[in-house]
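These notes concern the structure reproduced below.
The values are calculated or read from the model by the stated rules, or taken from the named source; none is laboratory data. It should be emphasised that the depicted structure is a prediction, and the values quoted were computed from it without experimental measurement. With ideal geometry, Cβ positions are generated from the backbone for all residues, glycine too; neighbour counts draw on all protein chains shown. When the accessible area is computed, the model is the full protein with side chains, heavy atoms only, and any ligands, DNA or RNA have been set aside. Shrake-Rupley method; radii C 1.70, N 1.55, O 1.52, S 1.80 Å.
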Amino acid sequence: QVQLVESGGGLVQTGGSLRLSCAASTRTFSSYAMGWFRQAPGKEREFVAAISKSGGTTYYGDSVKGRFTISRDNAKNTVDLQMNSLKPEDTGVYYCAAARSKFGQIPSLYDYWGQGTQVTISS
């Protein structure tokens, strides 16, 4: 069982930045690929970014490419999401997720999920 705890959410103005962090409670963190998803009210969960077990491969959703950066620290069991040039449409609950095997844009590929952290971008 892996527990994931997100932090760093908040309220910022359009154009601002936030850095989300996800802490994992497992001694085998490097065995999991990690992803970030978000969900706005009334909408489906949307893929944001993913990173491979070693950190050598990253993927981004089209709507965040060039603005968001995912990174991980396997020594600290953390995965971060640096979000720049934020827009009102980035508002939502951001979830961290861990995948034992394959990873990508589909939520069902992920085995564990955090509780989420709220991000609100004011216009």
| field | Among (1) among the hydrophobic types (A, V, I, L, M, F, W, C); (2) touching a Lys or Arg at 6+ places or on another chain (Cβ under 8 Å); (3) more than 22 Å from Gln105 (Cβ to Cβ) - the single one Val79 does not satisfy | value | (3)
| Residue satisfying all of: in the range 28-44; under 14 Å from Val119 (Cα atoms) and not aliphatic (A, V, I, L, M); surrounded by the fewest Cβ atoms within 10 Å (Cβ to Cβ) among these | Pro41
| task | Scan the range 38-58 and give yes if some residue there is closer than 16 Å to Ser7 by Cβ and in contact with an Asp or Glu (Cβ under 8 Å, 6 or more places away or on another chain), otherwise no. | result | yes
| task | Quick one: in the range 76-105, of everything that is over 13 Å from the mean Cα position of the chain (by Cα) and over 23 Å from Thr26 (Cα atoms), which residue is least open to solvent (accessible area, probe 1.4 Å)? | result | Leu86
| Mind checking which pairs have a first residue in the range 41-62 that is more than 17 Å from Pro107 (Cβ to Cβ) and a second that is aromatic (Phe, Trp, Tyr) and surrounded by 15 or more Cβ atoms within 10 Å (Cβ to Cβ), Cβ under 8 Å, 6 or more apart or different chains? | Ser52/Phe103; Lys53/Tyr32
| field | Per-region count, the range 106-119, residues open to solvent by 50 Å² or more (accessible area, probe 1.4 Å), part of a strand (DSSP E or B) and out of contact with any Gly (no Cβ under 7 Å at 6 or more places or on another chain) | value | 1
| query | Quick one: how many residues across the range 35-75 are under 26 Å from Ser25 (Cβ atoms) and either in contact with a Cys (Cβ under 7 Å, 6 or more places away or on another chain) or of a type outside the set (Phe, Trp, Tyr) (or both)? | reply | 24
| Among Ser21, Ser25, Ser17, which is the only one that is within 16 Å of Gln115 (Cβ to Cβ), open to solvent by 20 Å² or more (accessible area, probe 1.4 Å), within 15 Å of the chain's Cα centre (by Cα) and of a type in the set (Ser, Thr, Tyr)? | Ser21
| request: Mind listing just one residue for me: the one in the range 47-75 that is farther than 15 Å from Leu20 by Cβ and charged (D, E, K, R) and, of those, least open to solvent (accessible area, probe 1.4 Å)? | output: Lys53
